[in-house]
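Participant: Structure incoming, see below.
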Amino acid sequence: MAISQRITEIQATIGSFSPPRPDLPDIVRSVSFDQALGQAVDDLSLVDSAGSSTASWSAAGVPADLARYGNGEVPRTELIDVAGTGHRLWAPAGKAFEQLLTDAAEDGVSIGITDSYRSYAAQVDVAERKGLYSQGGLAATPGTSPHGWGIALDLDLNSQAQAWMRANAGRYGFVEDTPREPWHWVYRK
């Protein structure tokens, strides 16, 4: 979606929070800020010009349709099982990763998953076991990990798979974004 079109939509949404004008229908005047905001969040799942689903992100880099839950508090119903592995991701990330797995397999590359969505409690556990990244460990501060939004994966990669990911993962929206963790890939599309 073009930035100017999104700005126009945001301006229109903000304009709906103005005091009601008498010439507006009752239904428009009866919408509260909370209702309008909730609808705006629900409407953030858009379709691009090619007809494929595009995800919307908050300014903080959080999937907009998950932001209302909180990091590590995403309900199971908002996540999908990835390729029958038992690992769960936010639907756009999961679908993109399933296509990535299919294409990698066609190239003779095997990619395994060792971790995916993490609840807040699981993030606390990982931080206790592996230490905080900011202190030389391998865990994000609980409540800040992209695993808590269902957009990160830890992968089991041999050298061929690592090379394939580095050459191809960007086409599927995945980036290797954490120094010292070549197994950690995050969906950023």
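Participant: Would you work out what percent of the accessible area of segment 65-189, with all protein chains in place, is carbon or sulfur (probe 1.4 Å)? Kindly include the intermediate steps, with their values, before the conclusion.
Facilitator: On the way: 3010 of 6050 Å².
Its accessible area is 50 percent carbon and sulfur atoms.
Participant: Using the Karplus curve 6.51 cos²θ - 1.76 cosθ + 1.60 with θ = phi - 60°, work out ³J(HN,Hα) for each residue of segment 174-182 in order, rounded to whole Hz, and write x for Gly and Pro.
Facilitator: Taking θ as phi minus 60°, the curve returns 9, 10, 8, 10, 10, x, 6, 10, x Hz for segment 174-182.
Participant: Take the Cα gyration tensor of segment 103-171, multiply each eigenvalue by 5, square-root it, and list the three semi-axes largest first, rounded to whole angstrom.
Facilitator: 27, 12, 10
Participant: Next question. Compute the accessible area per residue over segment 77-180, keeping the other protein chains in place, probe 1.4 Å, unit Å².
Facilitator: Value returned for segment 77-180: 48 Å² of accessible area per residue.
The values are calculated or read from the model by the stated rules, or taken from the named source; none is laboratory data. Keep in mind the model is a prediction, meaning the values are calculated, not measured. In case anyone asks, the SASA skips ligands and DNA or RNA and just uses the protein heavy atoms, side chains included. Shrake-Rupley method; radii C 1.70, N 1.55, O 1.52, S 1.80 Å.
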